[in-house]
Amino acid sequence: MTKNPDTFLTDKKFPFCPGCGHGISINALNKALQELNYGPKDVIVVSDIGCSGLIDPLFATHTIHGLHGRSPALGLGVAMGVAQKQNKKVIAFIGDGGATIGLQHILEAARRNVDMTLIVLNNLLYGMTGGQISGLSTRKYKEIVDFEKDVPPFDLIQLTHASGARFAVRVNAPNKIKDTLKKAIQTEGFSIVEAASLCPSYGMKRMNELIEVVEDENILEHDRPATKIVDQPVDSLLDKTLVIEPKHAAKLNKRKGLIIAGSAGGGAQSVAKFLAMAGMFAGLETTMKGEYPITVGTGFSVAEVIFDHIPINYTGLEKPDYFVIVTEDGLHKVKPKLHAGAKIYIDEKLVNDDLKAAYPNVIPVPFSKMANRKSTALAAVTYVLNQEDIVPVEALKEAVKTHRLKDIFIDVIDKVLNQ
């Protein structure tokens, strides 16, 4: 609920520390938007993390809350999306800490020069995490806090101007912020307003103290026109979505879960996807979830697939019914999940006496001899489907037919079935 029809603010109390300067910029923006005759539904406010990220509940507009340093990128995307809507304005907020972390996003937004305004609330520090300095902490301020005095700050106004911002301003006096924001908002293209802000908890407690340590006010402008965004008709992604109609009868009579455990590059994720599709071709509800290390190209590659006749509301697979283990990387990863009640189909080279003693349902199979390294997982899954009442192998064939390498994959399946 808004205080009155003319305000852009809700009735929420400002969440900032007593004396915090962020409220000055927020009130100034509210007045600027009123004087420019915008309506609350015409404005999209994008916030960041940190103290400046507390503003979302304060605005009676569309709001988006982003990750640390990402509000300029989110704002840019929204601005491009609403570019052809009349009388719409995207306004992003970020602190000096967020600006340090997301500097490249700011420069990219300036370079693209799409119509949006970025407000940088610069209190010279990371206010929410204890007052650490930021990339915008000035030399004079760092002399006071006795930290890296010789390291210069980023000059955000110079940087954004050099990157192509239409209007870049640093303003220190509170009574100038409203009129500066009005000009920024009226600018067609990317505009940035860096506003000096008090942090009474960790920084300066009075405005006259803050003025002594901030960078000089500065206004830089370009004549370049705003980038025009033109909508172009494209085919809907939904038009390309594969529709899977049941073509085969499912074998299983209750929920079953299967884990494929291999190494990077061995096709475990692709095979799991085929297996899930096979379940759908058999008229089942299926889920597929993959796991692999951040390196992607090395280490384990593990995938889980669940089948059922009823909807699956939780994709976790705590006690798999089947394991299909084709490499040592995969075995090492899933070993904590092995249990005596599961059937463990495993490449014969990985089986030892300890494994057989611990798990009575270990089934050694020469998977690595059935196909090359990139097709071993597919060969192993084919073998298991041929042994168990899960989904028919013909449904798996139906799934691999959707892939550009379908002839190679079907040849692998047929070879396993004919062995």
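Each value in this text was obtained by applying a stated rule to the coordinates, not by laboratory testing. As the structure is a prediction and not an experimental result, all values here were calculated from the model. Every residue, glycine as well, gets a Cβ built from its backbone with ideal geometry; the counts of neighbours run over all protein chains shown.
Each residue in the stretch 222-256 was checked for being under 27 Å from Met116 (Cβ atoms) and not in a loop (DSSP other than H, G, I, E, B), and 1 of them qualify.
Selection over the stretch 217-253 of residues that are over 35 Å from the mean Cα position of the chain (by Cα) and within 21 Å of Thr286 (Cβ to Cβ) gives a count of 7.
Looking at the structure I just gave you, is Gly81 farther than 17 Å from Phe167 by Cα and of a type outside the set (Lys, Arg)? Considered against the rule, which asks whether it is farther than 17 Å from Phe167 by Cα and of a type outside the set (Lys, Arg), Gly81 comes out as yes. Please verify whether the stretch 253-270 includes one or more residues that are on the phi > 0 side of the Ramachandran plot, touching a strand residue (DSSP E or B) at 6+ places or on another chain (Cβ under 9 Å) and surrounded by fewer than 19 Cβ atoms within 10 Å (Cβ to Cβ). Yes - at least one qualifying residue is present in the stretch 253-270. Contact annotation: residue pairs with Cβ atoms under 8 Å, 6 or more positions apart or on different chains, pairing a residue in the stretch 293-320 that is touching a residue at least 12 places away in the same chain (Cβ under 8 Å) with a partner that is exposed (fewer than 12 other Cβ atoms within 10 Å of the Cβ), are Asp308/Lys254; Lys319/Gly341. When you scan the stretch 236-252, how many residues do you find that are touching an Asp or Glu at 6+ places or on another chain (Cβ under 8 Å) and surrounded by fewer than 16 Cβ atoms within 10 Å (Cβ to Cβ)? Within the stretch 236-252, residues that are touching an Asp or Glu at 6+ places or on another chain (Cβ under 8 Å) and surrounded by fewer than 16 Cβ atoms within 10 Å (Cβ to Cβ) number 1. Residues in the stretch 209-267 that are closer than 30 Å to Val384 by Cβ, of a type in the set (Val, Ile, Thr) and touching a residue at least 24 places away in the same chain (Cβ under 8 Å): 3 in all.
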